[in-house]
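The values are calculated or read from the model by the stated rules, or taken from the named source; none is laboratory data. Since the structure is predicted, the reported quantities are computational estimates derived from the model, not experimental observations. Cβ atoms come from the backbone with ideal geometry, glycine included; neighbour counts cover every protein chain shown.
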Amino acid sequence: MSKKVVIVGAGIVGLSTAYYLNKAGLDVTVIDGTDGTDNCSYGNAGYVSPSHIIPLASPGIINQGLKWMLNKKSPFYIQPKLSRDLLTWGWLFKKASTNKRVKAAIPVLNELTTKSQSLYEEIIAEEGIEAGYHKPGLLMICQTKEALKHEIELAEIANQFGLDANVVSKAETERLDPNVNYDMAGAVYFGCDGWMTPNVFMEKFKSLLIKRGIKLDFNTELQAINTKGEKITEFITDKRNYQADDFVVAAGSWSPTLLQWLKLKLPLQPGKGYSFTIKNPPVSPKLPSILVEARVATTPTLDGFRVAGTMEITGLNHNINERRVQGIIDSVKTAIPEYQSYNFDDVKPWAGLRPCTPDGLPYIGSTKTFKNLFVGTGHAMLGWTLGPITGKLLTQNILGQSADIKSNLLNVDRYF
Ligand SMILES: Cc1cc2nc3c(=O)[nH]c(=O)nc-3n(C[C@H](O)[C@H](O)[C@H](O)COP(=O)(O)OP(=O)(O)OC[C@H]3O[C@@H](n4cnc5c(N)ncnc54)[C@H](O)[C@@H]3O)c2cc1C
């Protein structure tokens, strides 16, 4: 009889884990408290980004963050509150924001992102999933010389890791993307990046998993976890109890709440981001671009022109702050002149919660306390990119195989 695994969380991480476990011949069930049609893995910008090798916690970010806190339309905000979890997270974030820690994190992120990109390409080719995956391309559009200088430094680091990153002028940018006339000082073009329409991929991926015999139990909320000694015995949900040999927590920003029931403290904060998709845009870029100063990501998706941004640490809620959405709109108007007279009144903002660790590296693997409990979360701004590699690594952990990537920096219990 094949080993049974139950996964909580039907985002890209949970579904990718289910895919690889099923391929290895295991009996897999995924449970999710929602109807499974909208989580953080749906409305994101869809970048599959080897270019993103610098973790969020990095030198200079705290000073920059403090300046942004004073601006109600800025791309970053932490709601000050006397919460022990938030204070601990902030303290650990500060500790991680050093050159030494960033230097150690870069090769790990580089290996994770490049391997995950290859896995996406393999899944798309093998399973015939059409979700508008394109490569190459990501433009980092800088409107000021100062931002460009910083991006050039990052491109040099990327080049050292074999990533294809080139500084391009306005004329070269217009050759790469003739559809848009950016207001810019210069750009960096990452030929290593890819993108797709995440919501389309998610729907097709779910259908594939069902066809492969994976059980997807939606509207099924995990409410407690039973244990015996060093083992998890049952997931208790509002529908029924699930017994299995192994259990996986891939519940995104909710993961710490679930693990707290087991007295496992996972420092993690939800980083809220917004996106909206313009169905019939006045200008549709050919390539995705990050408007660097505003930290806004734009993507030509199968659904239209998607614009995403903002990192708000305000707890587990999907409340929409209209002023920050307006900040995103303003940045598009500033960078792309064709949008200056566009009426954004009809755009419907979407909000998603990125699971953010203090050091910008995800938690992937087993726990020391419970031998049959595995965790995959904390991917923050890279969760879409890192879904497949996380699923593959967790599968290798569960099967007791040597993992494709081994690093203590990814340990689930590195802060326990
Ligand atoms: C605006 C924005 C843009 C982004 N752009 C990109 C990008 O371009 N590239 C990139 O790599 N990443 C991007 N990201 C980040 C990425 O979307 C996330 O990191 C990723 O989707 C997280 O996936 P996940 O599977 O961990 O969690 P989720 O997708 O959040 O899934 C977790 C699931 O767990 C379920 N769950 C939680 N608690 C329970 C419970 N008790 N019982 C049952 N189910 C439960 C939830 O219902 C949810 O469905 C972006 C994020 C945002 C917000």
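Just to be sure I understand, how many residues within the stretch 89-106 are more than 24 Å from S253 (Cα to Cα) and surrounded by 15 or more Cβ atoms within 10 Å (Cβ to Cβ)?
Within the stretch 89-106, residues that are more than 24 Å from S253 (Cα to Cα) and surrounded by 15 or more Cβ atoms within 10 Å (Cβ to Cβ) number 1.
Among the residues of the stretch 40-49, is there at least one that is under 13 Å from the mean Cα position of the chain (by Cα) and over 20 Å from V307 (Cα atoms)? No, the stretch 40-49 contains no residue that is under 13 Å from the mean Cα position of the chain (by Cα) and over 20 Å from V307 (Cα atoms). On inspection, L373 passes the criterion of being at pLDDT 95 or above, under 30 Å from K231 (Cα atoms) and not assigned by TED's automatic domain parsing to the domain that holds L82. Checking every residue in the stretch 174-187 against the condition of being in a helix (DSSP H, G or I), free of Cβ contacts under 8 Å to residues at least 60 places away in the same chain, assigned by TED's automatic domain parsing to the domain that holds A297 and over 24 Å from the mean Cα position of the chain (by Cα) gives at least one match. In the set I78, I12, I54, only one residue is within 26 Å of W195 (Cβ to Cβ) and modelled with pLDDT under 95; that residue is I54. May I ask you to say which residue of Q326, Q340 is without any contact (Cβ under 8 Å) to a residue 12 or more places away in the chain, surrounded by fewer than 16 Cβ atoms within 10 Å (Cβ to Cβ) and either among the charged types (D, E, K, R) or not assigned by TED's automatic domain parsing to the domain that holds I225 (or both)? Of the residues listed, the single one that is without any contact (Cβ under 8 Å) to a residue 12 or more places away in the chain, surrounded by fewer than 16 Cβ atoms within 10 Å (Cβ to Cβ) and either among the charged types (D, E, K, R) or not assigned by TED's automatic domain parsing to the domain that holds I225 (or both) is Q340.
Among the residues of the stretch 76-85, those identified as closer than 17 Å to I61 by Cα and among the hydrophobic types (A, V, I, L, M, F, W, C) are F76, I78.
Anything in the stretch 226-256 that is within 10 Å of the ligand (Cβ to nearest atom) and either among the aromatic types (F, W, Y) or within 19 Å of I398 (Cβ to Cβ) (or both)? List them, or say none.
Of everything in the stretch 226-256, those that are within 10 Å of the ligand (Cβ to nearest atom) and either among the aromatic types (F, W, Y) or within 19 Å of I398 (Cβ to Cβ) (or both) turn out to be F235, V249, A250, A251, W254, S255.
Taking the stretch 1-25 as the range and being more than 8 Å from the ligand (Cβ to nearest atom) and either on the phi > 0 side of the Ramachandran plot or not in a helix (DSSP H, G or I) (or both) as the test, the residues that pass are M1, S2, K3, K4, V5, V6, I7, A24, G25. No other residue among T357, T377, T395, T390 is of a type in the set (S, T, N, Q), surrounded by 18 or more Cβ atoms within 10 Å (Cβ to Cβ) and more than 23 Å from Q269 (Cβ to Cβ) apart from T395.
Looking across the stretch 69-95, the residues that are of a type in the set (A, V, I, L, M) and under 22 Å from the mean Cα position of the chain (by Cα) come down to I78, L86, L92. Only residues that are in contact (Cβ under 8 Å) with a residue 60 or more places away in the chain and more than 14 Å from the ligand (Cβ to nearest atom) were counted across the stretch 282-320, and they come to 10. Among strands (runs of 3 or more DSSP E) entirely within the stretch 331-416, having at least 2 residues that are closer than 30 Å to L209 by Cα and more than 14 Å from the ligand (Cβ to nearest atom) singles out 363-366. Looking across the stretch 46-62 at every residue that is more than 8 Å from the ligand (Cβ to nearest atom) and not in a loop (DSSP other than H, G, I, E, B), the one that is surrounded by the fewest Cβ atoms within 10 Å (Cβ to Cβ) is identified as I62. Just one residue in the set L109, L139, L148 is more than 30 Å from D303 (Cβ to Cβ), crowded, with 17+ Cβ neighbours inside 10 Å and either outside the structural domain of L386 (by TED's automatic domain parsing) or touching a Cys at 6+ places or on another chain (Cβ under 9 Å) (or both); that residue is L148. Answer with yes or no whether T29 is surrounded by fewer than 24 Cβ atoms within 10 Å (Cβ to Cβ), within 14 Å of the ligand (Cβ to nearest atom) and not in a loop (DSSP other than H, G, I, E, B). For T29, the condition - surrounded by fewer than 24 Cβ atoms within 10 Å (Cβ to Cβ), within 14 Å of the ligand (Cβ to nearest atom) and not in a loop (DSSP other than H, G, I, E, B) - is met. Among the residues of the stretch 256-267, those that are more than 21 Å from D38 (Cβ to Cβ) and among the hydrophobic types (A, V, I, L, M, F, W, C) comprise L259, W261, L262, L264, L266. Note on the stretch 167-208: residues that are under 23 Å from L382 (Cα atoms) and buried (at least 20 other Cβ atoms within 10 Å of the Cβ) amount to 15. Of the residues making up the stretch 147-173, those that are more than 24 Å from the chain's Cα centre (by Cα) and in a loop (DSSP other than H, G, I, E, B) number 1.
Considering G65, G43, G14, the condition of being in contact (Cβ under 8 Å) with a residue 12 or more places away in the chain, under 19 Å from N317 (Cα atoms) and buried (at least 16 other Cβ atoms within 10 Å of the Cβ) is satisfied by G43 alone. Comparison of D193, D217 shows that the only residue that is within 21 Å of the chain's Cα centre (by Cα), closer than 30 Å to G14 by Cα and of a type in the set (D, E) is D193. Scanning the stretch 257-275 for residues that are within 22 Å of the chain's Cα centre (by Cα) and more than 10 Å from the ligand (Cβ to nearest atom) turns up L259, K265, L266, P267, L268, Q269.
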